[in-house]
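Visitor: Before I ask anything, let me first share the structure, which is written out below as C-alpha cells.
The numbers here are math on the coordinates, done by the rules we state, and not lab data. Predicted model only: the values in this text are computed from it and were never measured. Note that we place each Cβ from the backbone using ideal geometry, even for glycine, and neighbour counts take in every protein chain shown.
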Amino acid sequence: MKRISLAICAAALAAGALRGADGPAPKKASEKAAGCSTCRETKPVLDPAELEDFDAESRPAYAAAKKYPETVDKIHCYCGCEQSPNLHHKSLLTCFTSLHATGCEICRGEAELAGKMKDEGSADDEVKKVVEAFYDKGKS
C-alpha cells in the first residue's frame with residue numbers, strides 16, 4: 001500500500017512539474033489560510049466545497065487544512081513536494097493551496113490524521129510528532 005501511495009504522489013509531482021508549479025489556479029479560494037499570523041504558508045487553502053465531484057474524497061483533508069492551518073503548517077509533507085524543485089512547498093499546508101493534494105494520498109492522509117487529532121483536543125506539538133512518526137516509518 002505504501003508503494004502505491006508513493007507512486008501516486010510521484011505521478012502527482014510529475015504532473016505538477018509539467019503544468020508548472022502546482023497546476024491550474026483554483027476556482028475560488030477560501031479566506032487566507034494564514035488567518036494565521038505564524039504560518040509559513042500565506043496562500044489561501046482551497047475551499048473544500050469548491051472541489052469538483054471527482055475530488056470529493058479529498059474534501060475531508062482540505063477541510064482539516066482549512067480548519068487547522070496553524071497545525072498543518074507545522075507538519076512536514078512526506079510526499080516529497082517540499083524538496084521538489086518545481087513545487088517549492090513550504091509545509092504540508094502548501095499542498096492544500098492548490099489541487100496538489102487531490103492527487104496525493106500521503107498529503108491527504110497526513111492532513112486527515114492531523115484534523116482528527118485536533119478535533120480530539122491534541123496539542124499541535126503532539127499532532128506533529130504523531131503524524132510525522134507515522135509517515136516517516138516507510139522512508140529509507
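Visitor: Has region 97-107 got any residue that is without any contact (Cβ under 8 Å) to a residue 40 or more places away in the chain, in a loop (DSSP other than H, G, I, E, B) and either small (Gly, Ala, Ser) or surrounded by fewer than 18 Cβ atoms within 10 Å (Cβ to Cβ) (or both)?
Guide: No, region 97-107 contains no residue that is without any contact (Cβ under 8 Å) to a residue 40 or more places away in the chain, in a loop (DSSP other than H, G, I, E, B) and either small (Gly, Ala, Ser) or surrounded by fewer than 18 Cβ atoms within 10 Å (Cβ to Cβ) (or both).
Visitor: Next question, about the same structure. Keeping to region 36-88, report how many residues are in a loop (DSSP other than H, G, I, E, B), without any contact (Cβ under 8 Å) to a residue 60 or more places away in the chain and of a type in the set (A, V, I, L, M).
Guide: Selection size over region 36-88: 3.
Visitor: Does region 72-120 hold any residues that are hydroxyl-bearing (Ser, Thr, Tyr) and closer than 17 Å to residue 42 by Cβ, and which are they?
Guide: 91, 94, 97, 98
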